[in-house]
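Chemist: Here you go, one structure.
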Amino acid sequence: QRLVSQMESLAHSSDFRAAKDQARVLDTQWRSTGPCAKADNDHLWQQYKSAKDRLFEAAKRAGEQRRDEARQRAQDRVWRLEEQLRNVEAAIYRANESYSRALSARSPSMRNPNWMAISNNQLARQSAAREKIASLGQRKSEVIQKLMEARSRLNQF
């Protein structure tokens, strides 16, 4: 009866790993305990087995819940990275448009007294746009790499 009582108390545990380890110890003790009257033995075994089944079923449900939560976190990460990728691609599109505008800007007339400053400004805009495109391209590569890893992790579930 002491073993039945201990197993029943384990069935209400929240630390399933420790409870399952302790249940295995109780199983060993149960097997080493000598038999009692047949009617008592069957009744005690049913109580013991029922408590043990409740423990392992609760542990199984908790494990499934943890896996479901981990899967949801993995799915959320994939969605966030897909959103980041869309944002980076939109930024690249805008940067390409800016670069295109910088390239297509009319060259100033050399008769304009400020033509050198205007030309330098145009070159600086072109250079800045190229740098922005390169930086965004690098960021896109990083996001794609993270997205591939996140999708791989999600597929493990």
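The values are calculated or read from the model by the stated rules, or taken from the named source; none is laboratory data. Please read these numbers as outputs of a predicted model, since none were measured by experiment. Heads up, the Cβs are rebuilt from the backbone with ideal geometry, glycines too, and the neighbour counts pull from every protein chain shown. The protein model used for the area step is the full one, side chains on, heavy atoms only, and it has no ligands, DNA or RNA in it. Shrake-Rupley method; radii C 1.70, N 1.55, O 1.52, S 1.80 Å.
Chemist: Any idea which residue in segment 9-18 is nearest to residue 61 (Cα to Cα), counting only those that are open to solvent by less than 90 Å² (accessible area, probe 1.4 Å) and within 32 Å of the chain's Cα centre (by Cα)?
Modeler: 16
Chemist: Out of all the residues in segment 95-113, which are open to solvent by 90 Å² or more (accessible area, probe 1.4 Å) and more than 54 Å from the chain's Cα centre (by Cα)?
Modeler: Scanning segment 95-113 gives 110, 111, 113.
Chemist: Considering segment 19-66 alone, what residues qualify as being touching a helix residue (DSSP H, G or I) at 6+ places or on another chain (Cβ under 6 Å), open to solvent by 50 Å² or more (accessible area, probe 1.4 Å) and aromatic (Phe, Trp, Tyr)?
Modeler: Of everything in segment 19-66, just one residue is touching a helix residue (DSSP H, G or I) at 6+ places or on another chain (Cβ under 6 Å), open to solvent by 50 Å² or more (accessible area, probe 1.4 Å) and aromatic (Phe, Trp, Tyr), namely 30.
Chemist: Could you please find all residues in segment 122-157 being among the aliphatic types (A, V, I, L, M) and either open to solvent by 60 Å² or more (accessible area, probe 1.4 Å) or more than 19 Å from residue 83 (Cβ to Cβ) (or both)?
Modeler: 123, 124, 128, 129, 133, 134, 144, 148
Chemist: Let me ask something additional. Does residue 19 satisfy being more than 30 Å from residue 145 (Cβ to Cβ) and hydrophobic (A, V, I, L, M, F, W, C)? Give the derivation first.
Modeler: Numbers: more than 30 Å from residue 145 (Cβ to Cβ): yes; hydrophobic (A, V, I, L, M, F, W, C): yes.
So residue 19 fits the description; yes.
Chemist: Pairs needed: first member in segment 31-56, under 19 Å from residue 21 (Cβ atoms); second member anywhere, of a type in the set (S, T, N, Q); C-beta distance under 9 Å; at least 6 residues apart or different chains.
Modeler: Listed pairs, sorted by first residue: 51/5; 51/6; 51/9; 55/13.
Chemist: Tell me, please, whether a residue that is without any contact (Cβ under 8 Å) to a residue 24 or more places away in the chain and either closer than 23 Å to residue 139 by Cβ or not in a helix (DSSP H, G or I) (or both) can be found in segment 67-79.
Modeler: Here is the first cut: in segment 67-79, the residues without any contact (Cβ under 8 Å) to a residue 24 or more places away in the chain are 68-69, 72-73, 76, 79.
Among the residues that remain, those that are also either closer than 23 Å to residue 139 by Cβ or not in a helix (DSSP H, G or I) (or both) are: 76, 79.
Scanning segment 67-79 turns up at least one residue that is without any contact (Cβ under 8 Å) to a residue 24 or more places away in the chain and either closer than 23 Å to residue 139 by Cβ or not in a helix (DSSP H, G or I) (or both).
Chemist: Taking residue 125 and the conditions (1) closer than 30 Å to residue 154 by Cα; (2) in contact with a helix residue (DSSP H, G or I) (Cβ under 9 Å, 6 or more places away or on another chain); (3) of a type in the set (Lys, Arg), which numbered condition does it fall short on, given that it satisfies the others?
Modeler: The single condition residue 125 does not satisfy is (1).
Chemist: A further question follows. Can you confirm whether segment 27-34 contains a residue that is assigned to a helix (DSSP H, G or I) and closer than 22 Å to residue 64 by Cα?
Modeler: no
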